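Worksheet: the structure to be examined is printed underneath.
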Amino acid sequence: MKEISTTNHRWRDRSSRSMSWLWFSCLALLFLLPPVSFAQSHLWQYRPFRANDTDHSGGDHICDLRGDSNADGKPDRLGDYVTVLGSVIVEPSTFETGGRLFWIREGRCGILVCGEPENLRLGDSVMVRGRVRLSGGGCLFPEAGPAGPYDIALAKGGTTVRYGTGDQSSLPIPPRDYAARPGDYGGNLVTLTRPVQVTRTLMAGGDEFAWAPCGGDSLIVYIDGNVSCPIVTGRCYMVTGVVMGIVMPSGSVTSSSWCIAPRAATDVVEVGCSAACRTLSWGHLKTEYGR
């Protein structure tokens, strides 16, 4: 009986040593396999960003934040604290001098970010934590300001980390497509692929609003007072700018609307055209803007 007990004890010792060696081998293998790159090692801290991700700790997609499933003019994620990645398409201090407003874009979706002053450049890739809100009340331009019911903003409550260079290019959009559904491009940077002819302008303080008909619709260009960019009635222009909802000045047909806001004088280029918009290839447009 004693011999059997001794044999069992030896078997358990060998089994325990085998399991310990197996665990040690696995751990050693894990530490001996380095990440493919430093970037991969860094990304271990975060789960991949997915368009259907609802946990802010792992990241949200800007397109998700703009969702409005019941079409009540308010985003479904209103009030949520989220984390997003994006590329800067409008630098701080472009439309106001305090540096508290800038726009970022991820794919085909963009959003206004407001909060403490930032020192960012076009194309900077950033990670922003904040709360989804309507852009009125605290996220306003000193002059006119984005319209709360028409656009959303991310009220920055965490750090903004600059970690590289992203895509700052604009989306090429035919004017008729934009004029028919401007809200589809809210918060993003667009370039109209055909010239538009200005038929009416309206000054409001130091700002200017310009209307251009396009088929059965019309589009509005908002020239902020900080952007030195004169527009003349009757002339035609190629326009690039960020799409935003904005409070319209008194004397307008509507109290608020979507508009394209150029960031600088180089975003508005006068071209020769007839009363009808002429076609301009995207290749030609890229050549013009690439000079």
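Distances between placed amide hydrogens fall under 5 Å for S257 paired with I246, M248, all partners being 5 or more residues away or on another chain.
I'd like to compare 230-240, 100-110: which one has the highest average count of other Cβ atoms within 10 Å, and what's the full order after that?
Result, highest mean first: 100-110, 230-240.
The 1.4 Å probe gives accessible areas that order Y81, Y178, largest first, as Y81, Y178.
The slack between D80 and R121, meaning 0.36 nm per residue of separation minus the straight C-alpha distance, is 12.1 nm.
Summing charges over all other residues whose Cβ lies under 12 Å from the Cβ of K156, with Lys and Arg as +1 and Asp and Glu as -1, gives +2. Computed from the C-beta positions of V269 and R108 and an R0 of 25 Å, the FRET efficiency is 0.55 to the nearest 0.05.
The values are calculated or read from the model by the stated rules, or taken from the named source; none is laboratory data. No experiment lies behind these values; they were computed from the predicted model shown. Heads up, the Cβs are rebuilt from the backbone with ideal geometry, glycines too, and the neighbour counts pull from every protein chain shown. Just the protein is used for accessible areas: all its heavy atoms, side chains included, with ligands, DNA and RNA removed. Shrake-Rupley method; radii C 1.70, N 1.55, O 1.52, S 1.80 Å.
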